[in-house]
Amino acid sequence: MGRNKVLYDKQQIIDIAVMIVEEEGIEVLSARRIASELGVSSMTMYNYVSNIDEVKRELMIRGYNELFHNIIQKLALKEKKDRSGVAAFIKIYAEQFYEYGEKHRNLMKFMLGEGYTKFYADAELRLFVNPLQSYYKYSKERDYKLACRICEDMLYSELKKYINGINPLSKEEFLYQVEFCVERVFGCRQ
C-alpha cells in the first residue's frame with residue numbers, strides 16, 4: 001500500500017485510536033495499527049506523538065474531558081440546593097460514569113484498568129482519576145477523607161465489575177448502591 005497520506009495534526013491519531021479501542025479494545029492498539037488505519041507510516045505518526053503511551057494518555061484525557069463535560073452539564077441543571085456538597089457530586093459522577101460506560105465500554109475498560117494504573121500519578125489526569133481529592137485534600141477531618149475514599153473505592157469497584165460484565169447491574173441498581181454508600185458514610189452531614 002502506498003503511504004503518501006498527510007497527517008495534519010495529532011487529533012487525527014487520537015480520533016483513530018478512539019475508533020480502534022471502541023471497536024476492538026485497547027489490546028489491539030498499536031502504533032502500526034493506527035498508522036495503517038491512517039494510511040501513513042509509523043515514522044510519520046511519530047512526528048506527532050512520541051510513543052504509544054502518549055496516545056493512551058490522550059485517550060484518557062479525551063475520555064475524562066467528555067465525561068466531566070457531561071457531569072458539569074448535569075450539575076448545572078440541578079437546583080442549587082441539590083448540587084452542593086460531595087454527596088451530590090458523587091451521585092452525579094456515578095450516574096454519568098455509568099452512562100459513559102454504556103456508550104464507550106471499551107474505552108471505559110481502559111480508563112478504569114490499565115489507564116488508571118499507568119496514569120494515576122500524571123499531574124494533568126490526577127484530579128480526573130481521583131476527583132474526590134479536591135473535596136478532602138485540605139480537610140483536617142480524618143473521617144471526612146475516609147468517607148470520600150470509601151465512596152470513591154466502592155464506585156470504581158462496582159463500575160469495573162459492571163464494565164467487565166462480572167456484575168451486570170442496571171443503572172437503577174448501581175445508583176441505589178451509590179446512594180446507599182453515600183448515605184451510610186456521610187450520614188446526615190450532607
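The values are calculated or read from the model by the stated rules, or taken from the named source; none is laboratory data. Every value quoted in this text rests on a predicted model; they were computed, and no experiment measured them. Here the Cβ positions follow ideal geometry from the backbone for every residue, glycine too, while neighbour counts run over all protein chains shown. Areas reflect the complete protein model, heavy atoms only, side chains present, ligands, DNA and RNA absent. Shrake-Rupley method; radii C 1.70, N 1.55, O 1.52, S 1.80 Å.
Among residues that are outside any helix (DSSP H, G or I), hydrophobic (A, V, I, L, M, F, W, C) and in the same structural domain as residue 134 (by TED's automatic domain parsing), residue 87 is not included.
Considering each of 55, 40 in turn, give the residue that is of a type outside the set (Asp, Glu), assigned to a loop (DSSP other than H, G, I, E, B) and open to solvent by less than 50 Å² (accessible area, probe 1.4 Å). Break it down stepwise before answering.
On the way: 55 fails: assigned to a loop (DSSP other than H, G, I, E, B).
The conditions single out 40.
All conditions in (1) in contact with a helix residue (DSSP H, G or I) (Cβ under 6 Å, 6 or more places away or on another chain); (2) aliphatic (A, V, I, L, M); (3) over 20 Å from residue 22 (Cα atoms) hold for residue 123, with the sole exception of (1). Hey, among 110, 186, 97, which residue is farther than 23 Å from residue 70 by Cα, open to solvent by less than 50 Å² (accessible area, probe 1.4 Å) and assigned to a helix (DSSP H, G or I)? Of 110, 186, 97, the one residue that is farther than 23 Å from residue 70 by Cα, open to solvent by less than 50 Å² (accessible area, probe 1.4 Å) and assigned to a helix (DSSP H, G or I) is 186. Every listed requirement among (1) modelled with pLDDT of 90 or more; (2) open to solvent by less than 70 Å² (accessible area, probe 1.4 Å) is met by residue 102 save one, (2).
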